[in-house]
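Step one of this worksheet: look at the structure below.
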Amino acid sequence: MAIPVDAAAAALREAMRETVKRYSLWYLIQGVLLVVAGVLAIISPVFASVAIVSLLGWVLIISGVLQAVGLIGATNVPHFWLQLISAVLAVLIGVLLLRSPESGLLVMTMLLIVYFMVEGIAKVIFALTIRPFPNWGWVLASGVVGIVLAFILWANMPLTASWVLGLMLGILLVSEGAALTYLAWQVHKAPAVKDA
């Protein structure tokens, strides 16, 4: 017997609410820790930026080594040499990031600038395309902010490379932590739903 879609969606929502309520204390603790980590990253964005690059370096080294180990005895695998080159490049780039985090910060900041510029241009074009719709101006404003932010970061290079990644990580952690804390607090203090 098939269940109606609305009933299945309601059952799923209720199961999620009960799970969040059951573990609300853990979600609350996790949210507070994320906020604290985010505030620390905002206070010391240079340290947080270097930590991001170092973590990326270690992730690349470990994944490259694991990929290479997985290729041992697998010379018959299609594209073996490409996979081996990929593993070697991962280790090499990881080592370079660990040896020269400043260069890694510069490259990652440049990629971020390109992302902001492309995303901003795409949003401006999209906003102008949907212009008759209500509130199209918000999409346009979002695109303009992305383009302006890209120009500001570019104009202040290489100074911005040392702190921008850490600051963005801090803002992300604070916003995610605050959202998780608020959710857990609201669910924890909500009255229990009784079965009908």
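The values are calculated or read from the model by the stated rules, or taken from the named source; none is laboratory data. Please read all numbers here as calculations on a predicted model, not as lab measurements. Positions of Cβ are backbone-derived with ideal geometry, glycine not excepted, and every protein chain shown enters the neighbour counts. All accessible areas refer to the heavy atoms of the entire protein, side chains included, with ligands and DNA or RNA removed. Shrake-Rupley method; radii C 1.70, N 1.55, O 1.52, S 1.80 Å.
If you go through the range 37-56 one residue at a time, how many are open to solvent by less than 60 Å² (accessible area, probe 1.4 Å) and among the β-branched types (Val, Ile, Thr)? Working first, answer last.
Looking only at the range 37-56, we keep the residues that are open to solvent by less than 60 Å² (accessible area, probe 1.4 Å), and these are 37-38, 41, 44-45, 48-54.
Those still in the list that are among the β-branched types (Val, Ile, Thr) too: 50, 52-53.
Here the count works out to 3.
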Any residue in the range 57-69 that's more than 7 Å from residue 94 (Cβ to Cβ) and open to solvent by 40 Å² or more (accessible area, probe 1.4 Å): show its pairings with residues that are hydroxyl-bearing (Ser, Thr, Tyr) and part of a helix (DSSP H, G or I) at Cβ separation under 8 Å, as long as the two are six or more apart or on different chains. 67/86
Residues of the range 148-160 being part of a helix (DSSP H, G or I) and either at pLDDT 85 or above or not hydrophobic (A, V, I, L, M, F, W, C) (or both), which ones? 148, 149, 150, 151, 152, 153, 154, 155, 160
For the range 126-138, does any single residue satisfy the condition of being touching a Leu at 6+ places or on another chain (Cβ under 8 Å), under 30 Å from residue 24 (Cα atoms) and surrounded by fewer than 15 Cβ atoms within 10 Å (Cβ to Cβ)? no
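Taking residue 112 as the residue in question, decide whether it is surrounded by 13 or more Cβ atoms within 10 Å (Cβ to Cβ), free of Cβ contacts under 8 Å to residues at least 60 places away in the same chain and more than 19 Å from residue 55 (Cβ to Cβ). Spell out the reasoning first.
Working: surrounded by 13 or more Cβ atoms within 10 Å (Cβ to Cβ): yes; free of Cβ contacts under 8 Å to residues at least 60 places away in the same chain: yes; more than 19 Å from residue 55 (Cβ to Cβ): no.
Against the criterion (surrounded by 13 or more Cβ atoms within 10 Å (Cβ to Cβ), free of Cβ contacts under 8 Å to residues at least 60 places away in the same chain and more than 19 Å from residue 55 (Cβ to Cβ)), residue 112 does not qualify.
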Only one of these is touching a helix residue (DSSP H, G or I) at 6+ places or on another chain (Cβ under 9 Å) and of a type outside the set (Val, Ile, Thr): 40, 111. Name it. 40
